[in-house]
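In what follows, a structure is listed as structure tokens, so that the remarks can point back to it.
The values are calculated or read from the model by the stated rules, or taken from the named source; none is laboratory data. The structure displayed is predicted, hence computed values, not measured ones. Using ideal geometry, Cβ is built from the backbone for each residue, glycine included, and neighbour counts are taken over all protein chains shown. The area values use the complete protein model at the heavy-atom level, side chains included, leaving out ligands, DNA and RNA. Shrake-Rupley method; radii C 1.70, N 1.55, O 1.52, S 1.80 Å.
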Amino acid sequence: MERNHHEDQCNEIEALDSIYCGELEVLETEPHKFRLPIATTEYDPEVETEGLSCKLLFTYTAKYPDTAPLVEIEEPSNFHDGYEEELLEHIHKTIEENLGIEMIFSLVSSAQEWLNVKYDELKNAAETAKEEAKRKVEEEEMKKFEGTRVTVESFMAWKLKFEQDMGITERKEKVAAEARKLTGRELFLSDNTLNESDLKFLMDAGESIESVRIDESLFQNIDDLDLDDSDDENDEDYVPE
């Protein structure tokens, strides 16, 4: 018995109208041409940046479902470049798997699943980008609290600039110039800055002398010292036994 394709198509349209509760929009009847909307759960027509949506336009061919229906995508919302082509390719694969049976419900369900997966990928990518941006900001903030690594070269450069800023270099040069004119005794009596120590350098830098601590444990108790008897022998009142 030859299959009545037209009757099968009419029966499917009736079933689809019942399944989608008024969302089915029939545009033509000979052959049937109709559209159905699909969207992710996050889609909100009033918030253009949320979710994905589109409408699937179907047209029955004369011998559908033994032959493939025509499928088009209309009114895509928030689709990125290439999404329409990818979705159509996905639908056509589903068509090949269902030739010979009424397939519109399967096609719509498959397209809906593709839309959900694609939007999940977008959300994950956005979240990853957000986390990466946050990480970079935190790294930049942490750099503000990191001290500059000190090397011998950088310390000597800082010391030279510090001495110049504090006038130490100028005083040293002045003293050195005067030293060429004075005797050693005159130099000692006139200026003792040649004896500047690291301690004085630290004090000029703002360090407190209180930061210097003396470890008294390094010194022996005088009572524990073993004095040589030879000192007694040199005493004027010493009388040998």
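General observations
Every residue, every condition in (1) assigned to a helix (DSSP H, G or I); (2) open to solvent by 100 Å² or more (accessible area, probe 1.4 Å); (3) at pLDDT below 90; (4) not assigned by the TED database to the domain that holds residue 58, yes or no:
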| residue | (1), (2), (3), (4) |
| --- | --- |
| 93 | yes, yes, no, no |
| 96 | yes, yes, no, no |
| 145 | no, yes, yes, yes |
| 163 | yes, no, yes, yes |
| 175 | yes, no, yes, yes |
| 185 | yes, yes, yes, yes |
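- In segment 62-74 there is at least one residue matching the filter, namely being of a type in the set (S, T, N, Q), surrounded by fewer than 17 Cβ atoms within 10 Å (Cβ to Cβ) and over 13 Å from residue 105 (Cα atoms).
- Tabulated pairs, segment 148-164, first free of Cβ contacts under 8 Å to residues at least 12 places away in the same chain, second open to solvent by less than 100 Å² (accessible area, probe 1.4 Å) and of a type in the set (Val, Ile, Thr), C-beta under 6 angstrom, 6+ apart or interchain: 163/169
- Residue check, residue 102 within 15 Å of the chain's Cα centre (by Cα) and either charged (D, E, K, R) or in the same structural domain as residue 10 (by the TED database) (or both): no
- Residues that are assigned to a strand (DSSP E or B) and either touching a Ser or Thr at 6+ places or on another chain (Cβ under 7 Å) or not assigned by the TED database to the domain that holds residue 116 (or both) within segment 39-55 comprise 39, 53, 54, listed in sequence order.
- In segment 104-119, the residues that are free of Cβ contacts under 8 Å to residues at least 40 places away in the same chain form Cβ pairs under 7 Å with partners that are open to solvent by 20 Å² or more (accessible area, probe 1.4 Å), at six or more places apart or across chains, as follows: 106/98; 110/90; 114/90.
- Reported count of residues in segment 88-106, each being in contact with a strand residue (DSSP E or B) (Cβ under 7 Å, 6 or more places away or on another chain) and closer than 21 Å to residue 19 by Cβ, is 2.
- Residue that is nearest to residue 3 (Cα to Cα) [pool: residues in segment 45-59 that are in contact with a Phe, Trp or Tyr (Cβ under 9 Å, 6 or more places away or on another chain) and open to solvent by less than 70 Å² (accessible area, probe 1.4 Å)]: 59
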